[in-house]
Structures are given as C-alpha cells and as structure tokens.
Protein chains: 2
Amino acid sequence: MGSPEHVTIVAGHEGRWRIDLNRASLGQALPYAKRLEIVEGAWARPEGAAWVLRGFASNTRYTTADERARLRAVSPALGRSEATSAALIPIRKSPAWWDLAQDERRRILEEDSRHISIGAEYLTDIARRLLHCRDLGEPFDFLTWFEYPPHASGAFEELVARLRATREWGYVEHEIDIRLTRDPV
Amino acid sequence: MGSPEHVTIVAGHEGRWRIDLNRASLGQALPYAKRLEIVEGAWARPEGAAWVLRGFASNTRYTTADERARLRAVSPALGRSEATSAALIPIRKSPAWWDLAQDERRRILEEDSRHISIGAEYLTDIARRLLHCRDLGEPFDFLTWFEYPPHASGAFEELVARLRATREWGYVEHEIDIRLTRDPV
C-alpha cells in the first residue's frame, strides 16, 4: 500500500506549467493565474497563490479486473519528455449522483456512458491521473490531470467532447477546463 | 451533497464514553486510555490525548440499491437513549486487498463473505457508522463505530465473530477491539 499520494495543485505566478486556458464549462470560474505547479507529499497551504486544490490518489472505485488489465497494457507514464501539453479538469457531481448506490453509479458510468472504454481508446498518447477530493470538503469531487504530446491535442479534445455527451455527464454540476504547456526538458 | 462528515475520535482522560476494553486482535495495540470522545466537524488535533484517530463518512462503495433499501429499512439511528454500549473497531486491510479491482473486492466482501447480509441481521438493535481514513494517511483504513443497548452485547459479539471467520477478514492485518459504555442520559 505505502502512503497515500497526497497532491496539492497550486496556481499563481510560478510553476513548471504555463496556463493557456482557464474557463468554466459549468458553474463558477477559478481566478486567473499564469502558471501552475503540482506539489507531491503532505498537503501544502502555500502563501500568495491565486488558487489551491488538494486531492489524493486512491484505489479504483469502478474498474473491473479485466478493464484494469486492458487499461494498464496501454497507459503511458506521467512525465514523458514529449508530453509538453496538459489538461486539468476539476469537476463536481450533483447530490443526485452521490445519492446513487454503487451498482447504479457503475451502470451509468460504464454500461450506459462507456467512460472507461472511451478513455481506453485514447490512452496510448494521453497519460491520466485521477485525484479524489470530495471527502476532504474541497470545492470539487475530482481533479483529473492529463499529459500528452502536442500532436495529441486534437484527440484529447475529442475525448473530452465524447465524455461530455454521455449520460454520466448529466450529473456534473461544476466543471473547469484548464489547458497547459511546459517547455521541453 | 452538503459538507462531508469529518470526525475525530479522541481517547484520553475525558469524554462521554468510558473505555472498558482496548486490545489488539491483530497487530500493534493502541495506548491505554480511560475515556473517549467523538468530535464532529473540522478535524481536531487536541493536545494531551492518549491517541487520536480521524476519518470521514463517504458514499457507499459496495452496497447495491436493493441492499441499501433493505439496510435502511432496519437501521436504527445513532444516539438512542437506550444505546449505552458501544464498540469501536479500527481496521487496516493488506496491500493485497487494495490491489484488487472493484469487482474482485465486491465479490469477496459480499458474494463470498456475506458482509452486508450478516450485518443486516443485527441492525434492528445495533446502530453502525463507518468512517474511512486510509486516504488521509492514517494508521487504519476504517473506523467502525457501533452503538447498542446492553442486552444486545451478546448479539454484537456474535456479529463480530461471524465477520472475523469470513474470507474477507483474511485481508485484515491490523485490528483493534474497543468496547465502551456511557451513563444513561
């Protein structure tokens, strides 16, 4: 098991990632910021940030063993040198979603909306990291971070558009779109 | 949704609950303490406590809609005046458990071990609250709190013995048994 991965995302004047786009798809926007940094380890409360989001990596909540094996076979690592584009998509789902039982959420997420299957189609280029934050009392339920080479940005926007058209996305009530770039290492 | 329920369990010299038993079933024991208090709201870091455990209530992770409806129909509330006995069972499961996929964990928990079904047999007398803490980096994964009238203590010990005999419990690697009483209100 090891320690859980605690992550703080800090937006402000500094950071490896330059923020190219920061807009609300649904609900209230996040304040303007120029750059973003991802801080691993104990949750930080940095001074002077434009905004700060905290989350943790956790065990999978919906993926079956078969699905996980297929995902692992095609998932690239984070931090590839060619992956100089990134996206951060904080979302909050509605009380109606959280009031569903496990089998109901699973059915909407995969059997109806093909969330896992659609995502898997794009994984050879796009690395993904899911952070949970609802249980911390944060303003969002999830922070999803994606990293990809610039040539995959069209595929990434297609992935986002397909997921937004699903029944599952009807339960999303707050969603922010952030796109970022960094200099090649 | 509302805010998540954040809970701090504080053991020391004070508190509504008197600790009658505090022993390790598996793994290292918790230090001796006389009394225990449950603090709701923002996680507290009280001074001078013998030990402190933190957790959060969250959405259900395994229960189906049908199971949940059956559980809700028979679950008593916490805080009943006659429920002057309580148990706190902090547990940590092994890395092997957390490395299982969702469908594998569900199958062991309910289809093999009947965790939800066995628990439901005892619910008319025994109120139950599950707190999660693994994602916080706490020493345990779960804190389960039970409240019952003294006449149900035999039934409660039977419930615990039946769950400990299951395949699921083979994944438990640290478990503490705490029994408590409070004065009638």
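Here are some notes:
- Label points for A:Glu158 are taken 7 Å from Cα along Cα→Cβ. From this copy to the others they lie 6.1 nm apart, shortest first.
- Per-residue packing, averaged as other Cβ atoms within 10 Å, sorts the ranges A:124-130, B:75-81 into the order A:124-130, B:75-81, beginning with the highest.
- Kirkwood-type hydrodynamic radius, segment B:76-132: 13.6 Å, calculated from all non-identical alpha-carbon pairs.
- Whether segment A:7-49 is rounded, prolate or oblate, judged on the alpha carbon gyration tensor where a/c under 1.5 counts as rounded: prolate
- With a 10 Å cut-off around each Cβ of A:59-70, the average count of Cβ atoms from other chains is 4.
- Across segment A:112-185, Cα-Cα pairs more than 16 Å apart make up 57 percent of the total.
- Reducing segment B:121-169 and segment A:122-147 to their Cα centroids gives an inter-centroid distance of 32 Å.
- Charging the Cβ of each Asp and Glu at -1 and of each Lys and Arg at +1, and nothing else, the dipole of the protein assembly as shown about its Cα centre rounds to 280 debye.
- Where the Cα pairs of segment B:50-185 fall when distances are cut into 10 Å bins, in %: 11, 41, 38, 9, 0
- The protein assembly as shown shape via C-alpha gyration tensor axes, a/c threshold 1.5: prolate
- Each copy carries a label point for A:Pro95 at 7 Å from Cα along the beta-carbon vector; from one copy to the others these points are 4.2 nm apart, nearest first.
- Selected from A:Ser153, A:Ser113, A:Ser58 as most flexible by GNM, with chain A as the system and alpha-carbon contacts under 10 Å: A:Ser58
- Shielding by partners - mean other protein chain Cβ count within 10 Å, residues of B:98-106: 6
- Largest GNM mean-square fluctuation among A:Thr64, A:Thr144, A:Thr166, using chain A with Cα springs under 10 Å: A:Thr64.
- Selected from B:Pro90, B:Pro149, B:Pro31 as most flexible by GNM, with chain B as the system and alpha-carbon contacts under 10 Å: B:Pro31
- Computed over segment A:2-107, the quotient of the alpha carbon radius of gyration and 2.2 N^0.38 Å is 1.29.
- Cα-only radius of gyration and Dmax that characterise segment A:133-174, units Å: 13.0, 37
- Only one residue of A:Gly55, A:Leu130, A:Ser75 has its Cα farthest out toward the positive end of the dipole of segment A:1-158, where Lys and Arg carry +1 and Asp and Glu -1 on Cβ, and that residue is A:Gly55.
- J(HN,Hα) series, segment B:174-185, from Karplus relation 6.51 cos²θ - 1.76 cosθ + 1.60, nearest Hz, glycine and proline x: 8, 8, 10, 10, 10, 10, 9, 9, 10, 6, x, 7
- Cβ-based charge dipole, segment B:5-51, positive-most Cα from B:Asn22, B:Gly41, B:Val7: B:Asn22
- About the centre of its Cα atoms, chain A shows a dipole size close to 160 debye [charges on the beta carbon of Lys, Arg (+1) and Asp, Glu (-1) only; nearest 20 debye].
- Label geometry 7 Å along the beta-carbon vector: A:Asp20 inter-copy distances in nm: 6.6
FYI, it's all coordinate maths here, none of it is from the lab. Just so it is clear, the model here is predicted, and its values are computed rather than measured. Neighbour counts run over all protein chains shown; Cβ positions are idealised from the backbone, glycine included.
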